[in-house]
Amino acid sequence: MSAAAEPSTVYRAAHGVVDGVWVDAPWLAVDASGAVTRTGVVGDRSEPTDAVVRDLGPVMLLPGLVNAHSHAFQRAIRGATHRRGASDPSSFWSWREAMYRCADALTPESIYAITRRAFGEMLRAGITCVGEFHYIHHQPGGQPYDDANALSLQVVAAARDVGIRLVLLEVLYLRADHRTPALPEQQRFCDAGVDAYLRRVDDLRSRGIQVGLAPHSVRAVPRPALEAVARYGHAHGLPLHTHLSEQPRENEQCQAEHGRSPTAVFAEAGYCERPAGFTAVHAVHTSADDQRQLGGQHVCACPTTEADLGDGIVPAVDLREAGVHVALGSDSNAVIDLVQEARLLEMGERLRGQARLRLNDEQGALGLGLLRAATETGAWSLGQADRSGRLGVGRPFDAFTVGLDDPFFHGIAPPHLLDALMCAGTSASVRHVFVGGVARV
């Protein structure tokens, strides 16, 4: 507990996680700026007596979830890729064709609308911060808009209007693969070169937008451009994200071009030089050598999308043993529920290892371990460790509550409530969501 200036509001809950620890009857004092100034338990003598008290009722109070990887526009094809037709939409690559058709038809207005819808769904699911891996930049055919960042600004506007924290993971996309220039349906994604891309990033940063750098993949970006992005990211302290080893074909193409794995290419290009500055999204088809090279960095697992696309199971246990920090994302947004992502991460590892209790924290608590992947680790991945992912003194009050009056929780003893949520529940029981002390749900 810590003393600070007197708060404007004290929030009480039946149970919660504060400073990473399970607490019965917690209270948090929040000042007018939306920052937590004190914490304690109901009945202690340190609770402010001159603040407005807001009892949230029979709920668990938890740190706001952090979605480290989203493609908001793909929310538009939810349910539209599950019928087998003449072209056999049964693989990742045929799913990609349906996604490209959707991307090519979007206007600035429809990008704003679908992004706002996806971000609103995220808030209702307890997500208070999102890393949007944004790669639709230009007009169909590739001609830039008068403002080269027009579509990125639509994403920023959607986040602002919904009230969710955003890290714009601005994507660099230059080609189809090392043998093939960008396909017609990829032209909207492509900048004229890495210099044009970095000029757009400079412009976004000059507008005060939280930005991360995201070369789309080793397939879509040649080695010299990868190196230029890493140098810029290190110079400005920006998070670096990429898709990595999602599909075996990606690994095969990388071996054909570079004679090594995608992980090795990114490591040699400088992406693993800063502690935890690099996030490899998916990393499904990584070897033990790859996992060692990623030690100290992040992998963002997106289990519902990886299952939907038939990618495979993220080897989360192997990654953790190699010193990799595992975060979570909603990726294609067919499902927007980080509780389900966390559970599927654990259940996938149970199926893969034919054993239970795979992703517990250091003290053996599975619920806390999965919650940490969905909160603190994601915030760290996005360069937001001081702003998101944890409830504590000096941090913004980004939080959500889970209603314990939901029949799902009836008869569950308090020490098991978080385990029940993370291992068997969904976000359907979310009751309140706060971002910076502002009630959003």
- request: Within segment 67-78, work out how many residues are open to solvent by 30 Å² or more (accessible area, probe 1.4 Å) and touching a residue at least 40 places away in the same chain (Cβ under 8 Å).
  value: 2
- line: Exactly one of Ala280, Ala276 is outside any helix (DSSP H, G or I), closer than 30 Å to Gly79 by Cβ, open to solvent by less than 10 Å² (accessible area, probe 1.4 Å) and among the small types (Gly, Ala, Ser), and that one is Ala280
- prompt: Among (1) in contact with a strand residue (DSSP E or B) (Cβ under 6 Å, 6 or more places away or on another chain); (2) modelled with pLDDT under 95; (3) not polar (S, T, N, Q), which single condition is Phe133 missing?
  reply: (2)
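Yes or no, residue by residue, for (1) closer than 18 Å to Val299 by Cβ; (2) modelled with pLDDT under 95; (3) assigned to a strand (DSSP E or B); (4) more than 21 Å from the chain's Cα centre (by Cα):
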position	(1), (2), (3), (4)
Val167	yes, no, yes, no
Glu170	no, no, yes, no
Glu185	no, yes, no, yes
Asp202	no, no, no, yes
Ser217	yes, no, no, no
Ala220	no, no, no, yes
Gly233	yes, no, no, no
message: Cβ contacts < 7 Å: first residue over 22 Å from Arg96 (Cβ atoms) and touching a residue at least 60 places away in the same chain (Cβ under 8 Å), restricted to segment 296-309; second residue outside any helix (DSSP H, G or I) and of a type in the set (S, T, N, Q), any location; separation 6+ or different chain. Result?
response: His298/Thr279
message: Looking only at segment 370-391, how many residues end up being in a helix (DSSP H, G or I) and either among the aromatic types (Phe, Trp, Tyr) or touching a helix residue (DSSP H, G or I) at 6+ places or on another chain (Cβ under 8 Å) (or both)?
response: 5
- prompt: Within segment 167-183, which residues are under 17 Å from Arg219 (Cβ atoms) and either open to solvent by less than 10 Å² (accessible area, probe 1.4 Å) or not polar (S, T, N, Q) (or both)?
  reply: Val171, Leu172, Tyr173, Leu174, Arg175, Ala176, Asp177, His178, Arg179, Pro181, Ala182, Leu183
field: Qualifying positions in segment 262-296 - of a type outside the set (A, V, I, L, M, F, W, C) and closer than 19 Å to Ser70 by Cα
entry: Gly277, Thr279, His282
statement: For segment 251-274, pairs from a residue that is over 11 Å from Leu226 (Cβ atoms) to a residue that is of a type in the set (Phe, Trp, Tyr) and part of a loop (DSSP other than H, G, I, E, B), with Cβ under 8 Å and 6 or more apart or across chains, are none
message: Just to be sure I understand the filter: pairs with C-beta atoms under 6 Å, separated by 6 or more residues or on different chains, first member in segment 430-441 and in a loop (DSSP other than H, G, I, E, B), second member open to solvent by 40 Å² or more (accessible area, probe 1.4 Å). Which pairs pass?
response: Val441/Arg124
message: Condition first: in contact (Cβ under 8 Å) with a residue 12 or more places away in the chain and in a loop (DSSP other than H, G, I, E, B). Now tell me which residues in segment 45-63 satisfy that.
response: Ser46, Glu47, Pro48, Asp50, Ala51, Leu56, Gly57, Pro58
Tally, over segment 296-349, of residues that are assigned to a helix (DSSP H, G or I) and at pLDDT 95 or above: 23
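One line per residue, one yes/no per condition, for (1) of a type in the set (Lys, Arg); (2) more than 19 Å from Ser70 (Cβ to Cβ):
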| residue | (1), (2) |
| --- | --- |
| Arg352 | yes, yes |
| Arg358 | yes, yes |
| Leu366 | no, yes |
| Arg372 | yes, yes |
| Glu376 | no, no |
| Asp386 | no, yes |
| Leu391 | no, yes |
statement: With the first residue restricted to segment 222-244 and required to be closer than 26 Å to Val314 by Cβ and hydroxyl-bearing (Ser, Thr, Tyr), and the second required to be open to solvent by 10 Å² or more (accessible area, probe 1.4 Å) and modelled with pLDDT of 95 or more, Cβ contacts under 8 Å at 6 or more apart or on different chains are Thr242/His216
message: Looking at Leu368, Leu359 in this structure, which one is touching a strand residue (DSSP E or B) at 6+ places or on another chain (Cβ under 9 Å), farther than 15 Å from Thr128 by Cβ and open to solvent by 10 Å² or more (accessible area, probe 1.4 Å)?
response: Leu368
field: Test for Thr286: is it part of a helix (DSSP H, G or I) and either hydroxyl-bearing (Ser, Thr, Tyr) or open to solvent by less than 50 Å² (accessible area, probe 1.4 Å) (or both)
entry: no
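The values are calculated or read from the model by the stated rules, or taken from the named source; none is laboratory data. Because the structure is predicted, anything quoted here is derived from the model rather than measured. Neighbour counts run over all protein chains shown; Cβ positions are idealised from the backbone, glycine included. Ligands, DNA and RNA are excluded from the accessible area calculation, which covers all protein heavy atoms including side chains. Shrake-Rupley method; radii C 1.70, N 1.55, O 1.52, S 1.80 Å.
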